[in-house]
Amino acid sequence: AQTVQLAPADDLAAALSTAAAGTVVELAPGDHGALALRGLQGTADAPITLRSADPGDPARITGLDLRGAAFLRLEGLVFDYTFSPGDPGNLRPFSVSDSTGIAFVGNLFDGDVAQGVSATDDGFPTAFGLSVRGSTEITVQDNEIRGFYRGLAVSRTADLQVTGNDLHGIRMDGMNFAEVQRVEIAENRIHDFARSLASGDHSDMIQFWTNGTGSPSTDIVIRDNILNAGNGWYTQSIFMRNDQVDRGLAGDEMFYRNVTITGNVIINAHLHGIT
């Protein structure tokens, strides 16, 4: 496989746009800016890899908009969000859509707090850590996600592995799922939320929802996670509401199916442990 080494001043997007399957792109320490990538094509047995050249001094990416990609591995990077005036609380600075075979392994997603917004927002985490929509074969493994409004948000996605991640300092929801199939959420640590108690937030560590969706989440395993309030405020722990059904908007066709919740440790202070 070809290995390409890039300095912060080099054109990373251009290098990736011409990368063949199996190419390894190593990023030197420093700030490599925001990436908008379209149509990258690795293969299952020869993914394109984007990683830090020096794991002890990782490269920084300030934004990611990945669309229409196949078989890309992002490893050992810092995805570093910095709040700017006017940024909405639901901003998705690091997003994947309409892609397949994308793996995030051993990265740091580092968030920021809002300023100059409102009394319930200022000084509290904002934006989403990692957003995945309309994709298949997604791996989120051994990452640290900290200091965001929501840590991980996944919708309309199948064949998803979320394992060994460390989420903390989150304001609202740790992990958020809607319209997902064949999902394993295992051996993660979700702890020490940075909640805005004066807000109307209903914070969850792991949440599934159906509001406005057209297909159910099915074939879900939630196992061997540690959900610990720690020194943060209480949250709901594992919360799976199906409001399309309980509000009478849908029937059996929208029921959750094949859900296994096993071996988790919950240390919290809320009525909703597993709901």
Task: Selection from Ala153, His202, Thr126, by position along the positive dipole direction of the chain (Cβ) - done: His202
Task: Overall Cα dimensions of the chain - principal axes, largest extent first, Å - done: 52, 42, 33
TODO: Grab the beta carbon distance between Asn90 and Asn258, set R0 = 25 Å, and tell me the FRET efficiency rounded to 0.05.
DONE: 0.25
Open item on the list: Within region 61-83, list the residues whose amide N lies under 16 Å from a label point set 7 Å along Cα→Cβ of Thr3.
Closed with: 75-76
Task: Accessible area (Å², per residue) of the chain, counting only protein heavy atoms and a probe of 1.4 Å - done: 42
Task: Cβ charges +1 (Lys, Arg) and -1 (Asp, Glu), total dipole of region 42-153, debye - done: 260
- [ ] Sum up the charges of everything whose Cβ sits under 11 Å from the Cβ of Thr100, counting Lys and Arg as +1 and Asp and Glu as -1, but leave Thr100 out.
- [x] -3
- [ ] Out of all DSSP beta bridges with both ends in the chain, state the antiparallel percent to the nearest 5.
- [x] 5
Task: Normalised contact order of the chain, rounded percent, pairs of Cα under 8 Å and 6 or more residues apart - done: 11
TODO: Rank-order 255-266, 178-189 by packing density, defined as the average count of other C-beta atoms within 10 Å over each peptide's residues, highest first.
DONE: 178-189, 255-266
TODO: Please give the calculated 222 nm ellipticity per residue for the chain, where each DSSP H segment of at least 4 residues contributes -39500 (n - 2.57) and the sum is spread over every residue; nearest 500 deg cm²/dmol?
DONE: -500 deg cm²/dmol
Task: Radius of gyration, Dmax [region 5-60; alpha carbons; angstrom] - done: 11.2, 31
Task: Cα centroid separation - region 74-96 against region 8-29, whole Å - done: 20
Task: With every protein chain in place, the chain: carbon and sulfur % of accessible area (1.4 Å) - done: 49
Task: Alpha carbon convex hull of region 96-169, projected area averaged over orientations, nm² - done: 5.0
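The values are calculated or read from the model by the stated rules, or taken from the named source; none is laboratory data. Just so it is clear, the model here is predicted, and its values are computed rather than measured. Reconstructed Cβ throughout: ideal geometry from the backbone, glycine too, with neighbour counts over all protein chains shown. Only protein heavy atoms, including side chains, enter the accessible area calculation; ligands, DNA and RNA are left aside. Shrake-Rupley method; radii C 1.70, N 1.55, O 1.52, S 1.80 Å.
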